[in-house]
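J.: The structure follows.
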Amino acid sequence: MLKIENLQVAYGGIQALRGIDLEVPDGKIVTLIGANGAGKSTTLRTISGLVKATAGSITYDGTELLGKPINQILAAGIAQVPEGRRVFANLTVLENLKAGAYLRKDKDGIEKDIKWVYELFPRLEERSWQLSGTLSGGEQQMLAVGRGLMSRPKVLMMDEPSLGLAPLVVQGIFEIIREINRQGVTILLIEQNANMALKTADLAYVLETGRITMKGTGAELLADESVKEAYLGKKRK
Ligand code: ATP
């Protein structure tokens, strides 16, 4: 289990995370919802080792990861899909996937996982030799997820995978998130599309200005009046 305790992060004098606790049990889909600036990206970036924490602890199966170098966190099985579907525009689809496996030495395993990603995203296989910068937005998001999977993570973290995508494409991305999870990968998802995220998640947390203010199952939060009002655009009756 990925476990975060009393995590605190400050940018200069500004406290972005004020001591958050999160549990991401193996095999689950966990979502973190919250308004702009609540600290969602900061949480993922701190777990990935991109942002330094001022206090707290991040453990995976009891091993402390906080303060460890990025490669070590990745090697422990925690991967983040690049934000804003950032892919290497000048590399082909296949080269991008191989880049996602850069820490691995098992050639056979890498080949197998390229096949796995192509099974999940047949569209990427068709476009294997295309330069990634010329892919559509939805295809770039698929590639970003595929690249994240190429490290064979135990936990895959995703930062707003639905951002800027058409509703049908968003549906497809959430279906693939469920499928990846069914195949044994634990998911930590942050989303502004709270409706889709809560429908998909087993467990959900609400983050408000650097604090967790609510937790429950996806269904519980979906039915909660204050969540409806604040995040689902529905008025209280
Ligand atoms: P959004 O959905 O808008 O991306 P978020 O919940 O992901 O929001 P964060 O990006 O984690 O929020 O930001 C939390 C707070 O920390 C915000 O007030 C933001 O302005 C601030 N912040 C984030 N990154 C930095 C940085 N590199 N330097 C200074 N302040 C930052």
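The values are calculated or read from the model by the stated rules, or taken from the named source; none is laboratory data. What you are looking at is a predicted structure, and each value in this text was computed from that prediction instead of being measured. All Cβ positions, even for glycine, are placed from backbone atoms using ideal geometry, and neighbour counts span all protein chains on display.
J.: Inspect all residues belonging to the stretch 52-60 and state whether any of them is among the aromatic types (Phe, Trp, Tyr) and in contact with a Gly (Cβ under 9 Å, 6 or more places away or on another chain).
T.: yes
J.: Pick out the one residue from Ala219, Ala197, Ala230, Ala204 that is touching a residue at least 40 places away in the same chain (Cβ under 8 Å), more than 25 Å from Met150 (Cβ to Cβ) and part of a helix (DSSP H, G or I).
T.: Every option except Ala230 fails the conditions.
J.: Taking the stretch 1-29, which residues are within 14 Å of the ligand (Cβ to nearest atom) and either within 21 Å of Ile180 (Cα to Cα) or hydroxyl-bearing (Ser, Thr, Tyr) (or both)?
T.: Tyr11
J.: Oh, and also: With the structure loaded, tell me whether Leu32 is closer than 22 Å to Tyr231 by Cβ, more than 12 Å from the ligand (Cβ to nearest atom) and in contact with a helix residue (DSSP H, G or I) (Cβ under 9 Å, 6 or more places away or on another chain) or whether it fails that test.
T.: No: the conditions fail for Leu32.
Residue-wise test of (1) over 27 Å from Gly77 (Cβ atoms); (2) within 16 Å of the ligand (Cβ to nearest atom); (3) not assigned by TED's automatic domain parsing to the domain that holds Thr42.
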{"site": "Pro167", "(1), (2), (3)": "yes, no, no"}
{"site": "Gly184", "(1), (2), (3)": "no, no, no"}
{"site": "Lys199", "(1), (2), (3)": "no, no, no"}
{"site": "Ala204", "(1), (2), (3)": "no, yes, no"}
{"site": "Thr209", "(1), (2), (3)": "yes, yes, no"}
{"site": "Met214", "(1), (2), (3)": "yes, yes, no"}
{"site": "Ala219", "(1), (2), (3)": "yes, no, no"}
{"site": "Glu229", "(1), (2), (3)": "yes, no, no"}
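J.: Output the number of the condition that Arg152 fails; it satisfies all remaining conditions of (1) in contact (Cβ under 8 Å) with a residue 40 or more places away in the chain; (2) touching a strand residue (DSSP E or B) at 6+ places or on another chain (Cβ under 7 Å); (3) surrounded by fewer than 21 Cβ atoms within 10 Å (Cβ to Cβ).
T.: For Arg152, the exception is condition (2).
J.: Let me ask something additional. For the stretch 89-132, what are the residues that are of a type outside the set (Ser, Thr, Tyr), outside any helix (DSSP H, G or I) and surrounded by fewer than 17 Cβ atoms within 10 Å (Cβ to Cβ)?
T.: Of everything in the stretch 89-132, those that are of a type outside the set (Ser, Thr, Tyr), outside any helix (DSSP H, G or I) and surrounded by fewer than 17 Cβ atoms within 10 Å (Cβ to Cβ) turn out to be Ala89, Asn90, Leu91, Leu103, Arg104, Lys105, Asp106, Trp129, Gln130, Leu131.
J.: With the condition kept exactly as written, say whether any residue in the stretch 42-49 is outside any loop (DSSP other than H, G, I, E, B), within 29 Å of Arg178 (Cβ to Cβ) and either more than 18 Å from the chain's Cα centre (by Cα) or more than 13 Å from the ligand (Cβ to nearest atom) (or both).
T.: So far as the stretch 42-49 goes, no, none of its residues is outside any loop (DSSP other than H, G, I, E, B), within 29 Å of Arg178 (Cβ to Cβ) and either more than 18 Å from the chain's Cα centre (by Cα) or more than 13 Å from the ligand (Cβ to nearest atom) (or both).
J.: Hey, can you tell me all the residues within the stretch 182-199 that are in contact with a Leu (Cβ under 9 Å, 6 or more places away or on another chain) and over 16 Å from Val227 (Cα atoms)?
T.: Gln183, Val185, Thr186, Ile187, Leu188, Leu189, listed by residue number.
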